[in-house]
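First the structure, then my questions, so here it is.
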Amino acid sequence: MALELFQFQQIAASQIADRYVEYISEPIVFGRGSKRRDVPFYQSLSAITGSGKTAILAQAVSEIAALSEVPPVILWLSKGKVVVQQSYANLADGGKYNHLLADITVRLLSEYDPDDVANSKEALLYFATVGTFNQKDREKSNLKIFAADTDNIESNRWEALKVRETAEGQRRPLVVVYDEAQNLSDQQTTLLLEQQPAAFLLASATLRFPAQFDTEVIQPLRTSGGYKDQDLISPVKSATVVGSGLVKGLISLEGLNAPMEETVAEMLTDMRETENAAKAENLSFSPKAIYVCNTNILADDASQTDDPQQQFDQRQAPPITIWRYLTEQCGVPAEEIAVYADLKTHKDFPLPSEFTLFNGGESDYEDFVAGDYRHIIFNKTLQEGWDDPSVYFAYVDKTMESTVDITQVVGRVLRQPGATHYGADRLNTAHFYVRVDRNDSFSQVVEDLRKGLGDDAPEVRILTSPPGTEEPESLSAKQQLTVPRTFINNVPTVAPVEDVIAKVHDYSQDKVNTHGVGRRRTVQQTIGSSESVDSEWVDFEQSNRVSARWVFRREVTRRYKPALMVMDTDTEKFDAKVGVGSNAYSSLATSATDAVAEYLRYAVIKQHKPKPYAVGSTLVRRGSMDTFRNALHEGYDGLNDLERRFARAIDETGLPWARNRSQTGYKIPLVSQGQTVWFFPDFLVWAGDTVICVDTKGSHIVEGDARRKLLSIQPHKDVSTRVLVKFVTEGSWKADGTPDSKDGFSIWELGSGQDLRPLPHSDLESVAKAIVAVKDDEG
């Protein structure tokens, strides 16, 4: 099944492609004489684990290929064979992202053929691991990615790749895509630069790259091109990823200075509660757990190695002690457990037949995935590449100076099943149970985890419980209350958007405005001399053309993708071919901008009839919890000062209310451009037949037309409950929206002319009473 891109993914991909096209028209030149070369374009895709980096990079290279004069060769690399195999499966024929590469041939580097490069009119994408060309990799593997002899790839195809010549004698540009680019080394950098790539697209959350890459690529861009960090990074906001439902919104990190058995027992108790929560919401998956530990040392003495030449029940290797505890004491069926580790065995002391061991490393990975195990015990081998959103729980053994990296483990648990958040907090939470032998070890784990999530991930709420402290508690709702869901009603947009599309010019017979203009530089070199002669950049007619439909839809998608639903581009005029950089191209982009503007102007938010949002249980730390009489839950933790004071004021009204979880709770679609597409109010208040969604985050959260539309949600004729939004800000404001005083508070509402107007109040008690007065006025 083909998966569609989220808005934030499309924005990031198009930004990368646009920056490439702008740069490649006049790249920075580095060096002199025979060492003179173009500095490759470089972008780092900075995004939290689970954000869909493969899809973003695939869309980016697809747009780069469409916008390039000569179809490029794309070399897609990763260090891990499993990562490459997964990306290949997703992007090759039949893969869920293959539709993103509509005019790109996808193959393995082992299938590289110079004749294909010479004769194909399409871009060509080749997959490989860095080990393919960086070192002799003689490991036997049944992964398709290694179906060919790697030595032949290294000696023959790697050299052939340097030529990349078309039948017309043009050299194809090379775009290097490196997934998990924190693994990039100096040696790899040197070898890749020998290929004279046009671009490096690196998926990494940091700008920490090897010295060679910094010297040869990043520094020339900074010094000669004036590039700054924001020019070299295409960031994805973590809040947007969480709000999209792709990743879990909470992390429960519990530290235990306790035996393995006690730690695992506590995890399994919470796992059963999460299973029950999934059943209560009629979900189709069962939560899974991973166990990360050392492999062949003694479970209680890291200085000694477990001896495989002894009876199974005498062995003390951590994977075996965990397996025995799960099967013998916890009642976990053996067929639900897999051990994926290089566990030492001996033919004279075989493992039990029901003990499922995968110790071939990546060579038996496919068999492991096919087993769909619920309890997976592994060492570091499995950390990169294996993704199963059903994994909710992780036991991590950090005792005895364990080298387990929590930042790698978190990625295995962060993805959200179904790419949607659920009513119960437990079902939106990644649960970690970290066994430590020192309390300061746990502090380091917490610090490492925050670093692993990235600097831009405050929206992923981390509930930490150091050893000896209480674990988070799940509080059920006191009563079942619901809120009508909402959607964007695009019916009013159809006619205005059709008017814009009708005015789009037909370029099918235009021979003037469809000519694209590019820039080219040639370097002259005298035969027998190593010195080249500089030449000036000259304009030339771009030979590559794209359809008017492609241009229009791309420009709409990058601005506000839902608008495409009402835009008919199947007419003949959109078949016209226009040159990249032509007047026609610019005109089509302008028309797309106008169409999106009309859509946003006329779209409205309306209540849904089916399946209202039900407030579920919430996870709290009781020790830091504020309790309330009339709240839907016993209390809430993590409130800031303004939220706490407002909650007290609302509680005094006697009406039922709830704290709404940011990024995972009740949400309303935003009618605005940008990565953020959902609005999460801070509080929900039930006043008769009205649910009031109150936001106290400040005026900067939602601006202009988007704010106005939230304040005028249309009711549904068959739904008796009404949804209203109220914005509360600190201070008083003038009629023109500028600050007047820091004293007091303001409630924002729509005036008769749909202008925003602030209503001043002296204190939060007055604010709360005014908000719930809607029960009498509008209820």
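The values are calculated or read from the model by the stated rules, or taken from the named source; none is laboratory data. This one's a predicted model, so the numbers in the text were calculated from it and none came from an experiment. We place every Cβ from the backbone using ideal geometry, glycine too, and count neighbours over all the protein chains shown. Ligands, DNA and RNA are excluded from the accessible area calculation, which covers all protein heavy atoms including side chains. Shrake-Rupley method; radii C 1.70, N 1.55, O 1.52, S 1.80 Å.
Quick one: which of Glu362, Glu401, Glu447 is part of a loop (DSSP other than H, G, I, E, B) and either open to solvent by less than 10 Å² (accessible area, probe 1.4 Å) or modelled with pLDDT under 90 (or both)?
On the way: Glu362 fails: part of a loop (DSSP other than H, G, I, E, B); Glu447 fails: part of a loop (DSSP other than H, G, I, E, B).
Every option except Glu401 fails the conditions.
Could you tell me which residue of the stretch 409-424 is farthest from Leu453 (Cα to Cα), considering only residues that are of a type outside the set (Lys, Arg), open to solvent by 10 Å² or more (accessible area, probe 1.4 Å) and assigned to a helix (DSSP H, G or I)?
Among those that are of a type outside the set (Lys, Arg), open to solvent by 10 Å² or more (accessible area, probe 1.4 Å) and assigned to a helix (DSSP H, G or I), it is Gly418.
Next up: Of all residues in the stretch 762-779 being open to solvent by less than 40 Å² (accessible area, probe 1.4 Å) and outside any loop (DSSP other than H, G, I, E, B), which is modelled with the lowest pLDDT?
By that ranking, first place goes to Val774.
Would you check which residues across the stretch 602-613 are touching a helix residue (DSSP H, G or I) at 6+ places or on another chain (Cβ under 7 Å) and open to solvent by 60 Å² or more (accessible area, probe 1.4 Å) and list them?
Tyr602
Filter the stretch 712-727 for residues that are open to solvent by 70 Å² or more (accessible area, probe 1.4 Å) and among the basic types (Lys, Arg); which is farthest from Asn489 (Cα to Cα)?
Step by step, filter the stretch 712-727, then rank; the result is Arg722.
For the condition within 36 Å of the chain's Cα centre (by Cα), more than 25 Å from Val247 (Cα to Cα), open to solvent by less than 60 Å² (accessible area, probe 1.4 Å) and among the acidic types (Asp, Glu), what is the one hit in Glu749, Glu730?
Glu749 is the lone residue from the list that is within 36 Å of the chain's Cα centre (by Cα), more than 25 Å from Val247 (Cα to Cα), open to solvent by less than 60 Å² (accessible area, probe 1.4 Å) and among the acidic types (Asp, Glu).
Further question on the same structure: Take Asp313 and tell me if it is in contact (Cβ under 8 Å) with a residue 12 or more places away in the chain and either in contact with an Asp or Glu (Cβ under 9 Å, 6 or more places away or on another chain) or of a type outside the set (A, V, I, L, M, F, W, C) (or both).
No.
In this structure, does Thr557 turn out to be open to solvent by 40 Å² or more (accessible area, probe 1.4 Å) and of a type in the set (Val, Ile, Thr)? Can you show your working first?
Working: open to solvent by 40 Å² or more (accessible area, probe 1.4 Å): no; of a type in the set (Val, Ile, Thr): yes.
So Thr557 fails the test.
Select from the stretch 1-32 the residues that are among the small types (Gly, Ala, Ser) and open to solvent by less than 20 Å² (accessible area, probe 1.4 Å) and list them in ascending order.
The answer is Ala12, Ala13, Ser14, Ala17.
Related question: Restricting to the stretch 614-633, name every residue that is surrounded by fewer than 21 Cβ atoms within 10 Å (Cβ to Cβ), under 24 Å from Ala430 (Cα atoms) and in contact with a Pro (Cβ under 8 Å, 6 or more places away or on another chain).
Once the filter is applied, which keeps residues that are surrounded by fewer than 21 Cβ atoms within 10 Å (Cβ to Cβ), under 24 Å from Ala430 (Cα atoms) and in contact with a Pro (Cβ under 8 Å, 6 or more places away or on another chain), the stretch 614-633 yields only Arg621.
Scan the stretch 226-234 and give yes if some residue there is open to solvent by less than 10 Å² (accessible area, probe 1.4 Å) and closer than 28 Å to Ser443 by Cα, otherwise no. Full working, then the answer.
Step one: filter the stretch 226-234 for residues open to solvent by less than 10 Å² (accessible area, probe 1.4 Å), giving 232, 234.
From what's left, closer than 28 Å to Ser443 by Cα: none.
No.
With respect to Ala205, is the statement that it is buried (at least 18 other Cβ atoms within 10 Å of the Cβ), more than 16 Å from the chain's Cα centre (by Cα) and either at pLDDT 90 or above or not in a helix (DSSP H, G or I) (or both) true?
No, not satisfied.
Also, I was wondering about something else. I need a count of the residues in the stretch 373-393 that are modelled with pLDDT of 85 or more and of a type in the set (D, E, K, R).
Qualifying residue count, the stretch 373-393: 2.
To continue, here is another question. Looking only at the stretch 101-120, which residues are open to solvent by less than 50 Å² (accessible area, probe 1.4 Å) and either touching a residue at least 12 places away in the same chain (Cβ under 8 Å) or assigned to a strand (DSSP E or B) (or both)? Step through it out loud before you land on a result.
Initially, the stretch 101-120 is screened for residues open to solvent by less than 50 Å² (accessible area, probe 1.4 Å), giving 101, 104-106, 108-110, 112, 116-118, 120.
The answer is Leu101, Ile104, Thr105, Val106, Leu108, Leu109, Ser110, Tyr112, Val117, Ala118, Ser120.
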